[in-house]
Ligand SMILES: [Zn+2]
C-alpha cells in the first residue's frame with residue numbers, strides 16, 4: 001500500500017479541468033496542477049486554476065510554452081521567458097512555495113530537462129523543482145493508464161504520479177483510478193516525495209547534474 005500524490009500537467013483547460021476538479025472533490029483528494037503560462041493567460045481558462053486553488057490544490061509552474069525542454073534551449077533569456085513570466089502570471093495562485101516542474105517530452109528524466117542558466121534562475125528565485133517517479137502514460141494510453149498507474153503505485157512507497165488535465169479521454173477514467181486505488185488501500189496525500197524535489201526553496205538537496213545539460217551544449 002502506497003502513499004500517492006497526484007499531479008496534473010499541461011493544463012488548465014476549460015474542457016477537462018472542471019471534470020478533474022469534480023472527481024477530486026468527490027473523493028476528497030487534493031493534488032497539484034502544473035500549469036502552462038500560455039494557457040493560463042486566457043481569462044476563461046484561468047478561472048479553472050482559481051477554482052483549483054480555492055479547493056485546496058497546489059498551482060505550480062510548467063513553463064510558458066512547453067515547446068522545447070529547457071536543457072535544449074541555449075539562449076540566455078529562456079529561463080525568464082519560460083519560468084519567470086509564467087510565475088508572474090500565476091501570481092497569488094501560488095502557495096508559499098514556487099513549485100516548478102520542467103518537462104522532458106514523453107516524461108523522460110534526463111539532462112535535457114534543465115540548462116545551467118535555468119538552474120541558476122531557479123536557485124536565485126528560491127524555486128522548488130518538482131520531478132516525478134510515476135508516469136502511467138495517460139496521454140498515449142487513455143484507457144490502459146489506470147492499470148499502469150496502479151502497478152506503478154504498488155511498487156513505490158510514495159508515488160508522485162503525472163497525469164494530464166488536457167486529455168479528456170484519459171481523464172474520463174480518473175474516477176475509476178481513484179476508486180480502485182482507494183480499494184487497494186493506497187492513501188492519497190499532497191506532499192511530494194523528497195527524492196522528487198532535488199531543489200527546494202532554491203537550495204540543492206540532491207545532485208542536479210542528471211537533469212542539467214552541459215554548459216557547452
Ligand atoms: Zn508537460
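Nothing in this text is a laboratory measurement; each read-out follows from the coordinates by a stated rule. Values in this document were obtained by computation on a predicted structure and should not be read as measured data. Here Cβ is always computed from backbone atoms with ideal geometry, including for glycine, and neighbour counts include all displayed protein chains.
Some values worked out for this structure:
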read-out	value
For region 166-184 versus region 9-85, the gap between their alpha-carbon centres in whole angstrom	20 Å
Calculated FRET value between residue 176 and residue 68, using beta carbons and R₀ = 45 Å, to 0.05	0.85
Within a Gaussian network of the chain (alpha carbon springs, distance under 10 Å), most fluctuating of 54, 117, 181	54
For the chain, share of DSSP beta bridges that run antiparallel, in % to the nearest 5	10 percent
Helix 17-27 axis, angle to the chain major axis (alpha carbon atoms, nearest 10°)	50 degrees
Highest-MSF residue in the chain out of 26, 186, 66 [GNM, Cα springs under 10 Å]	26
Acute angle (nearest 10 degrees) that the helix 174-183 long axis makes with the longest principal axis of the chain, alpha-carbon atoms	70 degrees
Relative exposure of 209, 115, judged by other C-beta atoms within 10 Å (fewest first)	209, 115
Whole-percent pair-distance distribution, where bins are 10 Å wide, for the alpha carbons of the chain	9, 36, 37, 16, 1, 0
Choice from 130, 204, 29 showing the highest fluctuation, given a GNM over the chain with Cα pairs closer than 10 Å	204
